[in-house]
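Working notes, beginning with the structure itself.
The values are calculated or read from the model by the stated rules, or taken from the named source; none is laboratory data. This one's a predicted model, so the numbers in the text were calculated from it and none came from an experiment. Positions of Cβ are backbone-derived with ideal geometry, glycine not excepted, and every protein chain shown enters the neighbour counts. We work out accessible area using only protein heavy atoms, side chains counted, and drop any ligands, DNA or RNA first. Shrake-Rupley method; radii C 1.70, N 1.55, O 1.52, S 1.80 Å.
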Amino acid sequence: MQEARVSGYRQITDAATGGERDQYLYSVKVSRAQWEKIHFDKLDQVDPVAAMEIFALRRDMTKTGIFRDINPFKLV
């Protein structure tokens with residue numbers, strides 16, 4: 001495998017319907033070459049937010065850490 005696509009979501013109550021829906025918070029595409037740049041033996045020195053930003057990333061997050069809906073990358 002040369003690329004992975006990962007999306008994170010949570011289930012929330014839809015204010016319009018009262019039903020539950022998936023709220024996608026982030027979606028990331030990572031190539032094997034990009035993944036191998038992370039020093040897993042030094043994870044205590046890796047900032048997860050900064051690490052995600054080196055990949056193709058869809059995320060809408062405020063400076064205070066509030067996530068807004070995004071459209072995740074599609075599987076191909």
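For the criterion of being open to solvent by 40 Å² or more (accessible area, probe 1.4 Å), under 18 Å from the mean Cα position of the chain (by Cα) and not β-branched (Val, Ile, Thr), Glu20 fails.
Scanning the range 62-73 for residues that are touching a residue at least 24 places away in the same chain (Cβ under 8 Å) and exposed (fewer than 14 other Cβ atoms within 10 Å of the Cβ) returns Asp69, Asn71. Can we say Leu25 is touching a Phe, Trp or Tyr at 6+ places or on another chain (Cβ under 6 Å) and part of a strand (DSSP E or B)? Answer is yes for this residue. I need the full set of residues from the range 23-37 which are free of Cβ contacts under 8 Å to residues at least 24 places away in the same chain and either exposed (fewer than 13 other Cβ atoms within 10 Å of the Cβ) or among the aromatic types (Phe, Trp, Tyr) (or both), in order please. Hits for the range 23-37 are Ala33, Glu36, Lys37.
Would you call Gln34 assigned to a helix (DSSP H, G or I) and polar (S, T, N, Q)? Criteria met by Gln34. Pairs linking a residue in the range 38-57 that is more than 15 Å from Ser7 (Cα to Cα) and open to solvent by 50 Å² or more (accessible area, probe 1.4 Å) to a residue that is assigned to a helix (DSSP H, G or I) and among the β-branched types (Val, Ile, Thr), with Cβ atoms under 6 Å and 6 or more positions apart or on different chains, do not occur. For the list (1) among the hydrophobic types (A, V, I, L, M, F, W, C); (2) touching a strand residue (DSSP E or B) at 6+ places or on another chain (Cβ under 9 Å); (3) more than 18 Å from Leu75 (Cβ to Cβ), I need the number of the one condition that Val30 fails. Only one criterion in (1) among the hydrophobic types (A, V, I, L, M, F, W, C); (2) touching a strand residue (DSSP E or B) at 6+ places or on another chain (Cβ under 9 Å); (3) more than 18 Å from Leu75 (Cβ to Cβ) is unmet by Val30, namely (3).
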